[in-house]
Amino acid sequence: MPVFRPPLFSRVSRRRLLGAAGAFSLALGWGLAQSARAEERRSPTKVPIGVIGAGRIGSTVGKLWVEAGHPVMFASRHPEQLKDLVESLGPLAHAGSVAEAIAFGEVIFLAIPYGALPEFGRTYGPALKGKIVLDAGNAVPQRDGAAIAEEVEREGIGIVSQKYLPGTRLVRAFNTLNYRILAREANRPPPRLAIPIAGDDPGAVEMAAALVRDAGFDPVLVGKLAAARRFQRGQPGYGQAVSAEELKQKLSLSP
Ligand SMILES: NC(=O)c1ccc[n+]([C@@H]2O[C@H](COP(=O)([O-])OP(=O)(O)OC[C@H]3O[C@@H](n4cnc5c(N)ncnc54)[C@H](OP(=O)(O)O)[C@@H]3O)[C@@H](O)[C@H]2O)c1
């Protein structure tokens, strides 16, 4: 029976084609691996987070990040008191001093009484330089004192926080809603609850937005730090348990 032999040209072409296909798949594989690695670097799926102030809001949001797969160190001036909290959250949760949590965190979540901010900034400012700091504090006159509350009214809370935390990549976030609402509504079916954010550093804002999503909410960028005034205590963006679309409407932001 005659064996079909393709003409030389087509045999060479086929070899070339197979070679080219192999090289293409190798390149594709390499490209995919590279972009996966780049994605890994970009994605905040495993960002170490230091939560300073593991009280109501700190422990609530920190827990949501642990559940999303982030390693979190909860800080207290008495870290031994956080034993039950971190044990209940599993191996991604740690307890430490404030200094340890700052060293641990690529991102710091600041959830302390606002009146403590000036002293906190003086003590830990050098360690915080260059860090992304998500600041959830609110100035409450009865708790934090009239002086700092008036300063916030006058200058806007984003500007005041940055003044006390110079050199940090500050983003205002998670200050507008009660911790019980955050615990209850995180990761609810769409539309998810909106969390307004504001910051001057685009990379820090991007990270904050990703961490808001990871906690189970939709970020709404209100603007630069000066615009954080629009969702500080007593302002229209404060206390709004609404979707991103509704919050944008309330604050006349583009959809
Ligand atoms: N509660 C809410 O629903 C909510 C919502 C949005 C925003 N906020 C704001 O978030 C901040 C925290 O509120 P919170 O209700 O979570 O308060 P909290 O339950 O009293 O917790 C505050 C934590 O801050 C730590 N702390 C206090 N003074 C400190 C200092 N000088 N230096 C370092 N850490 C200090 C305390 O930890 P140790 O004593 O263990 O060190 C405490 O666990 C406030 O500014 C508040 O306005 C609260």
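FYI, it's all coordinate maths here, none of it is from the lab. Remember, it's a predicted structure, so these values are computed and weren't measured experimentally. Glycine also receives a Cβ, built like all others from the backbone with ideal geometry; neighbour counts cover every protein chain displayed.
Things to note:
- Of the residues examined, residue 138 is not one that is polar (S, T, N, Q) and at positive phi.
- Qualifying residue in the stretch 74-92 (condition: under 17 Å from the mean Cα position of the chain (by Cα), in contact (Cβ under 8 Å) with a residue 24 or more places away in the chain, under 22 Å from residue 215 (Cβ atoms) and more than 15 Å from the ligand (Cβ to nearest atom)): yes
- Looking only at the stretch 93-112, and only at residues there that are under 15 Å from the mean Cα position of the chain (by Cα) and under 20 Å from residue 182 (Cβ atoms), the one that is nearest to the ligand (Cβ to nearest atom): 111
- Being surrounded by fewer than 18 Cβ atoms within 10 Å (Cβ to Cβ) and either touching a residue at least 24 places away in the same chain (Cβ under 8 Å) or away from the ligand (no atom under 15 Å from the Cβ) (or both) is a description that does not apply to residue 240.
- Wholly enclosed helices (runs of 4 or more DSSP H) of the stretch 113-197 bearing at least 3 residues more than 11 Å from the ligand (Cβ to nearest atom) and surrounded by fewer than 18 Cβ atoms within 10 Å (Cβ to Cβ): 117-128, 146-155
- Restricting the stretch 46-61 to residues that are touching a strand residue (DSSP E or B) at 6+ places or on another chain (Cβ under 8 Å), among the β-branched types (Val, Ile, Thr) and not in a loop (DSSP other than H, G, I, E, B), the residue that is surrounded by the fewest Cβ atoms within 10 Å (Cβ to Cβ): 52
- If you go through the stretch 51-73 and keep only what is within 11 Å of the ligand (Cβ to nearest atom) and among the aliphatic types (A, V, I, L, M), you end up with 51, 52, 54, 57, 61.
- Residues of the stretch 198-228 satisfying the condition of being farther than 16 Å from residue 136 by Cβ and assigned to a loop (DSSP other than H, G, I, E, B): 200, 201, 224
- Any hit, the stretch 119-127, residues being out of contact with any helix residue (DSSP H, G or I) (no Cβ under 7 Å at 6 or more places or on another chain) and among the basic types (Lys, Arg): yes
- The stretch 115-149 - residue that is free of Cβ contacts under 8 Å to residues at least 40 places away in the same chain and touching an Asp or Glu at 6+ places or on another chain (Cβ under 9 Å) and, of those, farthest from residue 52 (Cα to Cα): 141
- Test: residue in the stretch 179-190 that is touching a residue at least 60 places away in the same chain (Cβ under 8 Å), of a type in the set (Gly, Ala, Ser) and more than 18 Å from residue 47 (Cβ to Cβ): yes
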